[in-house]
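Engineer: Sharing a structure with you now.
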């Protein structure tokens, strides 16, 4: 750990208090029932709900995937000791250097299973709370802050963009792309038939082929209906095939397997997890796990039995979930796919949101370093493609819908 984060730990018990807002830095051992309850309250009142920033997700990450205790939760609390509230939270990891910034900095990415990173901030007075996080926290972040795999077109990003500009903090977006998503209310049988006729036809064909092996059944489990058996079947299927072969499955590493069990149970206990299963002749051959925070969902993992690969059980499972999404996800406004650019899910889910690694400088030296890195990256891009457009320091993005004719703007 660098000296900057050591310094913030030294002030953590008393915190830094400005304008009735206090910055504290907490590790796993500092999180008692009161802190977790405050975190849950913030999670329910967040400007941008995010399952990956929920205590049900991050606490298992800290317990099982952070053996050295490197994750630090930078939290902004109201300064009134009689009625203390959690107003903002950011999971920080200290980094000596990275491809984003060749100087000591902090990054917001709690684990390799965190597919949507960012800052959790209360809806009410969000700008003031983010200002407190930036103003009180930047002195402890080394020369920069990097938000990996974060949404670069949302309300939190817009506020951070304004705050950074007012403080002459350089902001650079790299590795930007449009990630697929869906609105459950827009899905359903009619949507599949109208928007994806070829996929609907393929679904019927795959179902007929699967029926030769036995009765085909699709089930959705949510909340208390998610038993340990459902979780274990998911782990087993996710381990099959190439993920198990190359050691990237959850079951390939005991700590990751334990993380998933605790995480899934925690979300399920609050009716915030959904598992979808496809079975043939009573044998489950595909399973997907999905997480929920507020009115936002996140597709997490999917696994299938490679013995049935020719019949596309994973795709069938996704299409069936889309077909029944208006019912089983009626309380969810948007589902993030968690996918990378070029994923198969882009052919299925119509919405697009801009994703990027967003880098902020937090010192004058960091300002210069980010400028140099940005210019060097632009030179490399021009050498690869002389006609390429220059990379913008402060790109503006919108959410788009991609129906049969691509590129239509969505409100």
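Engineer: Is there a residue in the stretch 351-362 that is assigned to a helix (DSSP H, G or I) and in contact (Cβ under 8 Å) with a residue 60 or more places away in the chain?
Structural biologist: no
Engineer: Shifting gears a bit: Restricting the search to the stretch 342-364, which residues are closer than 29 Å to residue 134 by Cα and surrounded by 20 or more Cβ atoms within 10 Å (Cβ to Cβ)?
Structural biologist: 352, 353, 354, 355, 356, 357, 358, 359, 360, 361, 362
Engineer: Filter the stretch 178-202 for residues that are at pLDDT below 95 and closer than 22 Å to residue 340 by Cβ; which is surrounded by the most Cβ atoms within 10 Å (Cβ to Cβ)?
Structural biologist: Here the residue is 196.
Engineer: May I ask you to say which residue of 330, 404 is assigned to a loop (DSSP other than H, G, I, E, B) and at pLDDT 80 or above? Spell out the reasoning first.
Structural biologist: Values: 404 fails: at pLDDT 80 or above.
Criteria check complete, one pass: 330.
Engineer: Still on this structure, please answer the following. Among the listed residues 258, 305, which satisfies the condition of being farther than 27 Å from residue 195 by Cβ, in the same structural domain as residue 241 (by TED's automatic domain parsing) and in contact with a strand residue (DSSP E or B) (Cβ under 6 Å, 6 or more places away or on another chain)?
Structural biologist: Criteria check complete, one pass: 305.
Engineer: Going through 274, 321 one at a time, which residue ends up being touching a strand residue (DSSP E or B) at 6+ places or on another chain (Cβ under 8 Å), part of a helix (DSSP H, G or I) and either at pLDDT 95 or above or surrounded by fewer than 19 Cβ atoms within 10 Å (Cβ to Cβ) (or both)?
Structural biologist: 321
Engineer: Looking at the stretch 289-309, can you tell me whether even one residue there is closer than 30 Å to residue 210 by Cα, touching a residue at least 24 places away in the same chain (Cβ under 8 Å), surrounded by 23 or more Cβ atoms within 10 Å (Cβ to Cβ) and over 20 Å from the mean Cα position of the chain (by Cα)?
Structural biologist: Looking through the stretch 289-309, at least one residue is closer than 30 Å to residue 210 by Cα, touching a residue at least 24 places away in the same chain (Cβ under 8 Å), surrounded by 23 or more Cβ atoms within 10 Å (Cβ to Cβ) and over 20 Å from the mean Cα position of the chain (by Cα).
The values are calculated or read from the model by the stated rules, or taken from the named source; none is laboratory data. None of these values were measured; they are calculated from a predicted model. In this analysis, Cβ positions are derived from the backbone assuming ideal geometry, glycine residues included, and neighbour counts consider all displayed protein chains.
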